[in-house]
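Chemist: I have a structure here, written as structure tokens, and I will follow up with some questions on it.
The values are calculated or read from the model by the stated rules, or taken from the named source; none is laboratory data. Since the model is a prediction, treat every value here as computed from it, not as a measurement. Quick reminder, even Gly has a Cβ in these numbers, built from the backbone with ideal geometry, and neighbours come from all protein chains shown.
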Amino acid sequence: MHFVDPSREVLAETLLAAGPGASTLCAGWRTQELAAHLYLRERSAKVGMGLLFKPLSKVSDKATARLAEASGSPADYTALVEKFRAGPSRFSPMKLKALDESANLIEYFVHTEDIRRATDRWAPRALDAAYSNALWNELVKRAAILYRGVDLGIVLVRPSGPRHVAKRAPVSVAIIGEPGELLMHAHGRTSHALVTFEGQQDAVALLQTAEVGP
């Protein structure tokens, strides 16, 4: 199954429900910055390059800030979100289902939760089993990169049994949680991820202070 299209819908609805000026878990970004980022990464080649290559990141940051500033009113913000909801342009590489899945499945899940979990009261969503499996499969592909800054072995464990060795080292920590929660942890939202740890106490403490994420 292809889950990106419904994930885009959920993210758009979450953005609209929060409205402009709402907090997110993305440092320094309100909902309009997040909406601007989501729209521009699919529509602007310069922004896309800036997201991939750090030397060009200032171009991406400036474009995102300009669009966010222009989208502060409810009407302009809604228009921006609706443009994102409409999807990439007709000739965009994102129209290829395989690339769309790889680039956006995790992106949309994490950013939806960035909005939902930035409030005082939130609860994890009940995810369809097939969707959870799709998230897990994408996480497994990139887990080694996401935990590259951790000086420990990392084992990702689902409560239902599947496990994945993301990184090998003499001392390891197991991170246990549902795929969506493991994704949040792996993308640096460590204090907003419902996971538990198994390992030596000092190793767990080291993991909790380590730099995690893309």
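Chemist: For Arg90, all conditions in the list (1) of a type in the set (Lys, Arg); (2) exposed (fewer than 12 other Cβ atoms within 10 Å of the Cβ); (3) under 20 Å from Thr14 (Cβ atoms) hold save one; what is the number of the exception?
Modeler: (3)
Chemist: Could you identify the single residue in Gly149, Gly213 that is in contact (Cβ under 8 Å) with a residue 40 or more places away in the chain, on the phi > 0 side of the Ramachandran plot, in a loop (DSSP other than H, G, I, E, B) and not aromatic (Phe, Trp, Tyr)?
Modeler: Unique residue meeting the criteria: Gly213.
Chemist: Right, next: Can you spot a residue in the stretch 186-196 that is out of contact with any Asp or Glu (no Cβ under 6 Å at 6 or more places or on another chain), under 17 Å from Pro124 (Cα atoms), free of Cβ contacts under 8 Å to residues at least 24 places away in the same chain and assigned to a loop (DSSP other than H, G, I, E, B)?
Modeler: Looking through the stretch 186-196, none of the residues is out of contact with any Asp or Glu (no Cβ under 6 Å at 6 or more places or on another chain), under 17 Å from Pro124 (Cα atoms), free of Cβ contacts under 8 Å to residues at least 24 places away in the same chain and assigned to a loop (DSSP other than H, G, I, E, B).
Chemist: Further question on the same structure: Collect the residues in the stretch 152-176 that are over 18 Å from Ala203 (Cα atoms) and assigned to a loop (DSSP other than H, G, I, E, B), keeping them in residue-number order.
Modeler: Selection gives Arg158, Pro159, Ser160, Gly161, Pro162.
Chemist: Out of (1) over 30 Å from Ser172 (Cβ atoms); (2) β-branched (Val, Ile, Thr); (3) surrounded by fewer than 16 Cβ atoms within 10 Å (Cβ to Cβ), the odd one out for Thr112 is which?
Modeler: For Thr112, the exception is condition (3).
Chemist: Please tell me if Phe91 is aromatic (Phe, Trp, Tyr) and assigned to a helix (DSSP H, G or I).
Modeler: no
Chemist: Shifting gears a bit: Would you check if Leu135 is closer than 16 Å to Arg158 by Cβ, outside the structural domain of Leu182 (by TED's automatic domain parsing), outside any helix (DSSP H, G or I) and hydrophobic (A, V, I, L, M, F, W, C)?
Modeler: no
Chemist: Oh, and also: Looking at the stretch 58-87, which of the residues that are closer than 19 Å to Ala27 by Cβ, of a type in the set (A, V, I, L, M, F, W, C) and modelled with pLDDT of 90 or more is surrounded by the fewest Cβ atoms within 10 Å (Cβ to Cβ)?
Modeler: Ala65
Chemist: Let me ask another. Looking at Ser160, Ser191, can you tell me which residue is within 16 Å of Val110 (Cα to Cα), of a type in the set (Gly, Ala, Ser) and surrounded by fewer than 16 Cβ atoms within 10 Å (Cβ to Cβ)?
Modeler: Ser191
Chemist: For the stretch 119-131, does any single residue satisfy the condition of being touching a residue at least 60 places away in the same chain (Cβ under 8 Å), surrounded by 19 or more Cβ atoms within 10 Å (Cβ to Cβ) and polar (S, T, N, Q)?
Modeler: no
Chemist: Do we find that Tyr108 is closer than 25 Å to Phe84 by Cα, assigned to a helix (DSSP H, G or I), aromatic (Phe, Trp, Tyr) and not assigned by TED's automatic domain parsing to the domain that holds Arg8 in this structure?
Modeler: Taking the combined requirement at face value, the residue does not satisfy it.
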